[in-house]
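Single-structure report; data block below.
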Amino acid sequence: MEKRLKILFSVSLLILAISTVFIFTSMVSGPDESPEEDRIIVAASIMPQKEFIEKIGKEKVHVVIMVPSGADPHTYEIEPRTLQEVSQAPLYFEVGSGLEFELNYMDKIKSVNPDMKVINSSKGLEFIPNPEQGLDDDHGHVHAENEADPHVWTSPRNVKVMVENIYQELIKADPENKDFYQKNKDEYIFELEELDQKIVQEISTKENKKILVYHPAWGYFTRDYGLQQIAIEKEGKEPTPQSMANVIEQAKKNNIKIIFVSPQFSRDNADFIAEELDAEVVLIDPLSPDYLENMLIVLEAFKKS
Ligand SMILES: [Zn+2]
């Protein structure tokens, strides 16, 4: 009798163990998630693109980003591990606006993956001249992508175009799931339009239209929403004492009380100028992977300046 109970007990333990393994496995892969090997590996350069691609592709894509969080895409040096990851990707979405990382490394990236299709996600955008090259803002014309201000993604209006470009390629790569991608894309475009309208409304009541920034990442945002960007950093280099003095004078004249810095840059010069102006230094990130959420934080910060 006791022996039969023992056997019964062992059998139920076994069943329990098997079902635990089964439940655990199904939790890991998720009920409606595509198996890893069925997902399209999509590569791109910077963190905000991760949201743009994932919002459209959701569980059908696996996004690989070249420039990691916290790194500066103007100076970042590619790592062998990242090259290994990109060698598996059939698609690469360039920002396409002359970002130094792409100017420096696209040839190398293509050489490890010659079959990969490289798509310019900025196709159709109107570039503004690169402030870091000292071109005249009012009369400068953009002749080549390396003359453009590369920070196109900081305006949600540009992102709408970039998202359309990404969508067009995803449906070419995976036409069977066109409806899925289209629905997701429409939802994300709607969210971007809501954000756009919110920015228009809330910036319109802002009195001081000038914004003081360390690194000039916000040129497209300020262009699209009627603001003006004053940058401390010039031509991608540390400011000289003379240019710092100019900025301080300009900021005083315009009664500027906030200096915006990006987390990718040292804030020493910004701290110095802040002291001169009795201003506050506020961190805003042009490269956050949570684009929509981050832009609301940026909007709040700009409103207060
Ligand atoms: Zn930048």
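The values are calculated or read from the model by the stated rules, or taken from the named source; none is laboratory data. Predicted model only: the values in this text are computed from it and were never measured. Note: ideal-geometry Cβ built from the backbone for every residue, glycine included; neighbour counts use all protein chains shown.
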Quiz item: Listed residues ILE46, ILE56; which is away from the ligand (no atom under 16 Å from the Cβ) and surrounded by 23 or more Cβ atoms within 10 Å (Cβ to Cβ)?
Solution: ILE56
Quiz item: If only one of PHE260, PHE265 is over 20 Å from ILE128 (Cβ atoms) and not assigned by TED's automatic domain parsing to the domain that holds VAL161, which one is it?
Solution: PHE265
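This table checks each residue for (1) in contact with a Lys or Arg (Cβ under 9 Å, 6 or more places away or on another chain); (2) without any contact (Cβ under 8 Å) to a residue 40 or more places away in the chain.
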position: GLN242; (1), (2): no, yes
position: ILE248; (1), (2): no, yes
position: ILE256; (1), (2): yes, no
position: PRO263; (1), (2): no, no
position: PHE272; (1), (2): no, yes
position: LEU287; (1), (2): no, no
position: LEU299; (1), (2): yes, no
position: PHE302; (1), (2): yes, no
Quiz item: Do we find a residue being touching a residue at least 40 places away in the same chain (Cβ under 8 Å), farther than 19 Å from PRO48 by Cβ and either part of a helix (DSSP H, G or I) or not charged (D, E, K, R) (or both) anywhere in segment 218-228?
Solution: yes
Practice problem: Output the number of residues of segment 246-305 satisfying the condition of being closer than 20 Å to THR75 by Cα, surrounded by 15 or more Cβ atoms within 10 Å (Cβ to Cβ) and hydroxyl-bearing (Ser, Thr, Tyr). | Solution: 2
Practice problem: Assess whether LEU287 counts as being more than 16 Å from PRO131 (Cα to Cα), modelled with pLDDT of 95 or more and within 15 Å of the ligand (Cβ to nearest atom). | Solution: yes
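Residue-wise test of (1) of a type outside the set (Val, Ile, Thr); (2) within 13 Å of the ligand (Cβ to nearest atom); (3) closer than 27 Å to LEU99 by Cα.
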position: GLN197; (1), (2), (3): yes, no, no
position: THR205; (1), (2), (3): no, no, no
position: PHE221; (1), (2), (3): yes, yes, yes
position: GLN228; (1), (2), (3): yes, no, yes
position: GLN250; (1), (2), (3): yes, no, no
position: VAL261; (1), (2), (3): no, yes, yes
position: SER266; (1), (2), (3): yes, no, yes
position: GLU280; (1), (2), (3): yes, no, no
